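Participant: Submitted below is the structure of interest, expressed as C-alpha cells.
A short reminder: the numbers here are calculations on the coordinates, not readings from a lab. Source: prediction; values computed, not measured. Ideal geometry is used to build each Cβ from the backbone, glycine not excepted, and the neighbour counts take in all protein chains shown.
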Amino acid sequence: MELFNSLVTALFDALLYPLNFIGASWSVFLVSIIAGIALLVIYGKVSNQQAIKKVKKNIAAGIYESVLFRNDLRVSLKAQAKMFLGGLKYFGLAIPPILILMIPCLLILAQLNLRYGVRPLDIGESTIVSVQVSDDSALFSAELKAPEGTIATPPLRDLDTLTVSWRVDAKSKVTDKAIIQVGDQSVEQEILVATSKSKIPTEISTSPLWQFLYPGAEIPTQAKNLIKGITISYPEKTLTLFGLTSNWIVIFLVVSILARIVGSKFLKVEI
C-alpha cells in the first residue's frame, strides 16, 4: 500500500502542479469541475444508458399520469405504483456504476484532503500528537522529544485505546522534526509551524485501509511492531470562493455535482 500511495501521490503532484500558481480555492474549484466531468464520462461508460433512459421516461410518464388523472383514485394510485417501481429499477441500475466509481472517487478525495484538508500551525497555536501502540509495555515506554521551537506537555496515557497523547505548543517556526520513541524504536515526525507546505498528513497508520484514505506518510517498517498509528491534529483549512468561506469538501461536492449535471446535457449521459 505504501508503494501504491507513493505512486498515486506523485501522479497527483504532477497533475496538480500547474494549479499551484492560482491559489488553493481556485485549484479546488477547477479540480472539482475536471473530476466531475471525468466521473461523468466513466459513469456513462460503465452504466446501462439505454435502460436508465427508459426507466426515467417511465417515471416521468407516471408523474404526468398521476397529475392528469389526480381525480381518478384508481388511475392515480396505479401511476404512483409505477413511479415507485421505476424508482427501484433506477436505483438498481445506478448501484453497480456507483460502486465502480467509488475507487477513483476515494482516491481523488484522499489526495485533495492531503493538500487542502488542514493547514500548518501558526505561532502561538497548539496541536495534539497521539501515538497508538501495540501493548501496555509500549504504552509506558512512549516518549516525545518535541522539536526546537515547541513545548510539549507530559504524556496522557489511555489504557483502553493504548494511546499516548501530548499537547504541543508552537512558540516559533520549527526547522527540525519531533522524535517519537517507543521502546527501542524511534520515528521522526514533522510538526509544521508557520510554513507554506501544502501536503500535510494527519493520520499515519499501519492499516492498509487507513493508508489508502490518508496517504502522504508512513510508519517505518522496523517500528510497525510497536507503533500502530500517529495522529496530529492540525487546524482545519478554510477556503474562500466567490465571497463564501467553506471547507474544501463542500466546494468539491457542490461544484462537481453541478459540473456533472451541466456536463450530462452536453455529453448526452443519463444520470
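Participant: Sort all Cα-Cα distances of the chain into consecutive 5 angstrom bins from zero, then give the percent of pairs in each bin up to the one containing the longest distance.
Facilitator: Pair shares across the bins are 1, 5, 10, 12, 13, 12, 10, 9, 7, 6, 5, 4, 3, 2, 1, 0, 0.
Participant: If you take the alpha carbon radius of gyration of the stretch 126-232 and divide it by 2.2 N^0.38 Å, what ratio comes out, to two decimals?
Facilitator: 1.02
Participant: Next up: With unit charges on the beta carbons (Lys and Arg positive, Asp and Glu negative) and the dipole taken about the Cα centre of the chain, which residue among Leu112, Thr175, Tyr43 sits farthest to the positive side?
Facilitator: Farthest towards the positive end: Tyr43.
Participant: Can I ask one more? Please report Val174, Val67, Val250 as a ranked list, fewest other C-beta atoms within 10 angstrom at the top and most at the bottom.
Facilitator: Listing Val174, Val67, Val250 from fewest to most nearby Cβ atoms yields Val67, Val250, Val174.
Participant: Let me ask something else. Return the Cα extents of the stretch 223-269 along principal axes one, two and three, sorted largest first, each rounded to a whole Å.
Facilitator: Answer, in whole Å and largest first: 54, 30, 9 Å.
Participant: Follow-up. One-quarter of the Cα convex hull surface for the stretch 7-125, in nm²?
Facilitator: Averaged projected hull area, Cα only: 12.2 nm².
Participant: Taking each pair of different alpha-carbon atoms in the stretch 172-255 once, compute 1/r for the pair, average those values, and report the inverse of that mean as the Kirkwood hydrodynamic radius in Å to one decimal.
Facilitator: Values: mean 1/r = 0.0662 Å⁻¹.
Result for the stretch 172-255 stands at 15.1 Å.
Participant: Among 69-80, 215-226, how do they line up by average Cβ neighbours within 10 Å per residue, starting with the highest?
Facilitator: Peptide ranking by packing, descending: 215-226, 69-80.
Participant: On alpha-carbon atoms, Rg over Rh for the stretch 112-158 using Kirkwood Rh?
Facilitator: Working: Rg = 13.9 Å, Rh = 13.3 Å.
Checking Rg against Rh, the ratio lands at 1.05.
Participant: Go ahead and set up a Gaussian network model of the chain, Cα springs under 10 Å, then flag whichever of Ser165, Ser137, Ser25 fluctuates most.
Facilitator: Of Ser165, Ser137, Ser25, the Gaussian network model singles out Ser137 as fluctuating most.
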